[in-house]
Structures are given as C-alpha cells and as structure tokens.
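Chemist: This is the structure I have questions about; it appears just below.
The values are calculated or read from the model by the stated rules, or taken from the named source; none is laboratory data. This structure is a prediction, so every number in the text was calculated from the model and none was measured. Here the Cβ is made from the backbone with ideal geometry for all residues, glycine too, and neighbour counts use every protein chain on show.
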Amino acid sequence: MRALVRRPSPRMAEGLITHIARTPVDLPLAQRQWEAYVAALRAEGWETVEVAPADDCPDAAFVEDTVVVYGDLAVISRPGADERKPETAGTEEALRGLGYRIARIEAPGTLDGGDVLKHDGTVWVGLGGRTNASGLEQLAALLGPLGGRVVGVPVAKVLHLKSAVTALPDGTVIGYEPLVDEPATWDAFLPVPEEPGAHVVLLDDRSVLMSANAPRTARLFEERGLRVVTVDISEFEKLEGCVTCLSVRLRG
Ligand SMILES: NC(=O)NCCC[C@H](N)C(=O)O
C-alpha cells in the first residue's frame with residue numbers, strides 16, 4: 001500500500017481561503033505537522049511516495065486535489081483555482097513513474113480531487129465550487145468503462161465535497177450537518193458533532209486517521225468499533241485543508 005504526499009511550500013501561508021477568515025499560518029509548525037502526518041501513515045503500513053515539491057505553489061501540500069486514482073488509471077485533475085493549475089505536472093510525473101495509465105481533465109473542464117468521494121463503485125462528485133459540469137462529464141466518461149458510476153452532488157457551503165463528507169470503511173457517509181448541502185443524498189448518513197470530525201482517511205477496514213481537533217467524533221467512531229489514529233493538522237485547517245487532502249492512497 002502506497003500513498004502520495006507532497007511537502008508544504010515555503011509560501012504555504014499565502015494559501016487560498018474561500019469560506020473562512022484568514023488567520024496566520026505558523027510555517028515551522030506546519031512542517032512538523034506534515035512530518036507527523038507522514039509518520040502516522042507509515043506507522044500504519046503505508047509506504048509514502050513524495051511528489052516533487054512545488055515551492056511556488058502555496059497550496060501544494062494538498063496533493064489530493066491534483067488527481068483521481070481509479071484502479072490502474074490516474075486522472076490528472078484541472079484545478080478550479082488558476083493558482084493551483086501548475087501543481088498537477090509533478091503529480092502526473094510521479095504516477096507515470098509508478099506505472100499508472102494517465103488521463104487528464106481538459107479545458108473547459110475543472111475538477112479538484114477533493115470533490116471526488118469514492119465508495120464501492122460509486123463516485124460522488126461535488127459541483128459548485130472548484131469542479132464544473134464538464135469536469136464531471138469527463139470523469140464519468142473515463143471511469144465508466146472501469147465500473148465507476150459518477151453521481152453529481154451540489155456543494156455550496158464548503159470548499160470541496162470532501163470538506164463536507166467522507167465515508168467510513170463500511171460505507172457510512174459522515175458529515176457535519178450544518179455544512180452538508182444535501183444529507184439525503186446518502187442512505188447511510190451519520191451526522192458527526194464537530195466540523196473537523198467529518199474527514200477520515202481510511203487506513204484499513206477498521207482504522208481511520210482523523211484530525212485531533214474532533215475528540216467527541218473520535219469517541220463516536222470508537223463506539224462503533226473503529227480504531228482511531230489522530231493527527232494535529234491545525235495549520236492546514238487554517239487554509240481549509242483536512243486530513244484527506246494531504247495524501248492520495250494508491251491501493252492497486
Ligand atoms: N481536498 C481539500 O480539501 N483540499 C484543501 C485545499 C485547500 C486550499 N487552500 C485551497 O483552497 O485549494
């Protein structure tokens with residue numbers, strides 16, 4: 001099991017914000033938090049592969065947004081924010097080097113990986129923020145032959161679909177309800193009591209990685225029989241990032 005990561009840019013403090021107010025980022029702390037995030041993945045058995053740094057791109061650490069990986073296919077994204085478009089070249093190079101087939105979202109399509117939630121053959125794509133209808137249609141055409149069924153979901157209250165919802169190993173979709181546009185999209189929707197609790201990275205079929213900033217949600221997951229690993233990512237949360245954005249898991 002491998003995961004792509006990308007170290008934070010020295011310009012990270014200039015990262016984009018859309019829905020929250022800017023508060024100063026502590027860069028040395030962000031760098032330590034990133035190292036600890038990578039160490040947590042490794043401790044859980046994930047080999048981490050670093051995408052070449054993109055130091056001129058303040059948001060480069062949010063590597064998830066640059067690609068959607070499905071089976072042996074890497075769909076290189078076309079980020080909705082122009083500032084982030086140069087981030088994709090390094091991701092493409094890394095995945096080509098790992099042997100993935102490469103496809104690309106082309107203009108006028110835009111799509112951020114953070115808008116794409118996959119579970120068991122269904123691929124929900126958030127529309128309204130960084131991803132547009134053309135990006136969704138292109139992704140659907142690329143994943144359809146591989147068995148991926150793409151479903152559009154409105155996103156207006158937060159940056160990305162996965163800023164609102166993610167899925168537990170059993171497919172239960174979790175979200176902090178005030179920020180979820182249409183909770184009824186999912187049959188198995190579980191509201192969580194804290195905003196940073198809405199994001200999990202699946203480590204294996206009974207373990208999740210989540211922000212240290214959501215202790216009540218962590219207890220809720222433990223009561224459901226999950227093992228919870230926490231990381232402090234406060235400096236990334238100041239830029240609307242969450243645990244999912246900092247890696248791309250490669251399961252193939
Ligand atoms: N997948 C994600 O949720 N990515 C977070 C990206 C945050 C970054 N500051 C941005 O606005 O693009």
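Chemist: From the list 229, 248, 200, 243, which one is more than 16 Å from the ligand (Cβ to nearest atom), closer than 18 Å to residue 41 by Cβ, modelled with pLDDT of 95 or more and not small (Gly, Ala, Ser)?
Modeler: One residue alone meets the criteria, 229.
Chemist: If you go through segment 17-44, how many residues are within 26 Å of residue 92 (Cα to Cα) and buried (at least 17 other Cβ atoms within 10 Å of the Cβ)?
Modeler: Summing the residues that are within 26 Å of residue 92 (Cα to Cα) and buried (at least 17 other Cβ atoms within 10 Å of the Cβ) in segment 17-44 gives 7.
Chemist: Could you tell me which of the residues 179, 220, 209, 190 is touching a residue at least 40 places away in the same chain (Cβ under 8 Å) and surrounded by 14 or more Cβ atoms within 10 Å (Cβ to Cβ)?
Modeler: Residue meeting the stated conditions: 209.
Chemist: Another question about this same structure. Quickly run through segment 1-57 and pick out the residues that are assigned to a loop (DSSP other than H, G, I, E, B), more than 29 Å from residue 178 (Cα to Cα), within 15 Å of the ligand (Cβ to nearest atom) and touching a Lys or Arg at 6+ places or on another chain (Cβ under 6 Å).
Modeler: Hit for segment 1-57 is 51, nothing else.
Chemist: Also: Residues that are in contact with a helix residue (DSSP H, G or I) (Cβ under 8 Å, 6 or more places away or on another chain) and either closer than 17 Å to residue 119 by Cα or not hydroxyl-bearing (Ser, Thr, Tyr) (or both): find the strands (runs of 3 or more DSSP E) completely inside segment 199-249 holding 3 or more of those.
Modeler: 207-211, 227-231
Chemist: Also, I was wondering about something else. Considering only segment 120-127, I want to know if a residue exists there that is on the phi < 0 side of the Ramachandran plot and either assigned to a loop (DSSP other than H, G, I, E, B) or loosely packed, with under 13 Cβ neighbours inside 10 Å (or both).
Modeler: Within segment 120-127, not a single residue is on the phi < 0 side of the Ramachandran plot and either assigned to a loop (DSSP other than H, G, I, E, B) or loosely packed, with under 13 Cβ neighbours inside 10 Å (or both).
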